[in-house]
1. Mean-square fluctuation check for chain B, GNM, Cα pairs under 10 Å: which of B:VAL96, B:VAL171, B:VAL20 is largest?
2. Classify the stretch B:79-143 as rounded, prolate or oblate, taking a ≥ b ≥ c as the square roots of the eigenvalues of its Cα gyration tensor: rounded when a/c is under 1.5, otherwise prolate if a/b is larger than b/c and oblate if not.
3. With respect to the cross-link table entries A:LYS41/B:LYS84; B:LYS84/B:LYS211; B:LYS41/B:LYS193; A:LYS41/A:LYS193; B:LYS41/B:LYS79; A:LYS41/A:LYS84, which display a Cα-Cα separation exceeding 26 Å?
4. Which residue, A:GLY213, A:GLY142, A:GLY47, tops the fluctuation ranking in a GNM of chain A built on C-alpha contacts under 10 Å?
5. How charged is the neighbourhood of A:GLU89? Take every other residue with its Cβ under 13 Å from the Cβ of A:GLU89, and add Lys/Arg as +1 and Asp/Glu as -1.
6. Say R0 is 41 Å: what FRET efficiency, to the nearest 0.05, do B:GLU214 and B:GLN137 get from their beta-carbon distance?
7. Taking the Cα centre of the stretch B:3-58 as origin and charging only Cβ (+1 Lys, Arg; -1 Asp, Glu), how large is the dipole, in debye to the nearest 20?
8. Using label points projected 7 Å from each Cα along Cα→Cβ, tell me how many nm separate A:ARG12 and B:ALA241, to one decimal.
Number of protein chains: 2
Amino acid sequence: MYAPERQQEILRLARDGGRVDVLSLAEEFQVTAETIRRDLKALDRAGLVRRVHGGAIPAGRLDFEPDLAERESTAADEKDRIAKAALAELPAEGTVILDAGTTVARLAGALPLEASLTVVTHSLPIAARLADHPGIQLHLVGGRVRHRTRAAVDAWALRAYGEIRADVLFVAANGFSAEHGLTTPDLAEAAVKRAAVAAARRVVLLADSAKHGEEHFARFGGLGDVDLLITDSALSAADAAAIEGGGTEVVRA
Amino acid sequence: MYAPERQQEILRLARDGGRVDVLSLAEEFQVTAETIRRDLKALDRAGLVRRVHGGAIPAGRLDFEPDLAERESTAADEKDRIAKAALAELPAEGTVILDAGTTVARLAGALPLEASLTVVTHSLPIAARLADHPGIQLHLVGGRVRHRTRAAVDAWALRAYGEIRADVLFVAANGFSAEHGLTTPDLAEAAVKRAAVAAARRVVLLADSAKHGEEHFARFGGLGDVDLLITDSALSAADAAAIEGGGTEVVRA
DNA sequence: CCCGTTCGTGCCCGATTGTGCCCGAACCTG
DNA sequence: CAGGTTCGGGCACAATCGGGCACGAACGGG
């Protein structure tokens, strides 16, 4: 039996039973658990199942995002501190744009209940989190929704950002550096980020220090577009000074 | 049972019952209270429940009037049957628009995992539910988000629906009757519904029989705009016949 | 026909995760 | 304010994970 056949069958079993587990599958297909793990990883990357400890669940069954709750726990502390520090950059009143991303989602969750703001976002999880916040006027930016990031992209999103002007944008990036600027793996998302940057008077980049020096496929701006970078204390003082030399203020939370 | 499964189930219990408590959950799932606390913490971090001493309550239900919640749960069976019946109206492939509303949300949750569709919606909960469905290309309609319904309205939404053409629209209404047509309490939502109706080749109305004869502030169309009404068996045969006389097919699930 | 490359798989081992237990602190209730 | 309940952080243990390495089969160019 070939690997793709096996994966197809695993997917069928997962959908039929609502769940599969590594050891039973290994027994069933007469292969080792490692191979099953590789299969599940492949299916997970394809977005067809959701990997869990010990097995997998077919995608679409869960209506919450485990990664938002726990998978980010590796850098959760840094992200929390960054989000906390970002609160200080919120205007007392006015309009802010929230980009997609777990750190920005933390910020959204940390918004004080008495905050009174207009928030614009193209991120589905962030919108869901803010929808019942009493003081927030929420504007959702539409578009095609990418499965992986749950963020809206493409024409509708670009046009919406082209029509507005916000006081502050909180933006995330998968990689940032003085040389290569701000990068992210997906072109469509990069385009939306670029449009959001253009729509904001002030740009605040939220990125933990692990992103520094990283470089991904799509570039959506340079550090010169960023007024303030909020990162964690693991960014070296030298790197911070280099960035500040370019005119970007740096906060190490 | 995997942790995410348990958390999903806890979330369901919380939404159904309006509340959950740590000890009962520990008993129910045969784990210790610590584990339940961790689950609740994860759900709390994801913004899906709100943690309280001794348990948790589902997020977003805080401002719900109890009688509204109760009415919702009493009609749950009907809504489920209606949603099930609506599945038969899905095209094998093509584009469908999903309006906001609890019955339509149930339809969204009941979409088979192997479905392959393009879905357009302006409802935040429905979008969240479909965002990681592997076979669905999801397009989100943006706009101002109303707190109460978590649906996007106003200019962006109207323009988006003005630009598309879908095979089927599944629409909800707070009231429907041959005389007064389709009504809902909010003008802005009515405008969006009207735009959605105009964007679809076929209009399917999902409404339990309690909505029949009800009349609300904003009217967004007549029964003549509806090709098919799916309701429950409590709608009298006479009423059904009257509606069918107007050219609208009626299914009593 | 040969041989280097690639891919799938199995094995090993340190790292991670989920869960339970414990205890001081915080919290409700009366 | 007192007493019991619940919380949350720390620790431990077992299961699982994932990266690295090796082996063998299939493939393809010379």
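Each reported figure results from applying straightforward, stated rules to the coordinates on display, with no laboratory input. The shown structure was predicted, so the numbers you read here are calculated from the model rather than taken from an experiment. Note that each Cβ is placed from the backbone with ideal geometry, even for glycine, and that neighbours are counted across all protein chains shown.
1. The residue with the greatest mean-square fluctuation here is B:VAL20.
2. Because a/c hits 1.5 or more and a/b fails to exceed b/c, the stretch B:79-143 counts as oblate.
3. Values: A:LYS41/B:LYS84 33 Å; B:LYS84/B:LYS211 18 Å; B:LYS41/B:LYS193 38 Å; A:LYS41/A:LYS193 29 Å; B:LYS41/B:LYS79 31 Å; A:LYS41/A:LYS84 34 Å.
Cα-Cα > 26 Å for A:LYS41/B:LYS84; B:LYS41/B:LYS193; A:LYS41/A:LYS193; B:LYS41/B:LYS79; A:LYS41/A:LYS84; rest within.
4. Of A:GLY213, A:GLY142, A:GLY47, the most mobile in the Gaussian network model is A:GLY47.
5. 0
6. 0.75
7. Dipole of the stretch B:3-58, to the nearest 20 debye: 300 debye.
8. Label at A:ARG12, label at B:ALA241, 4.9 nm between them.
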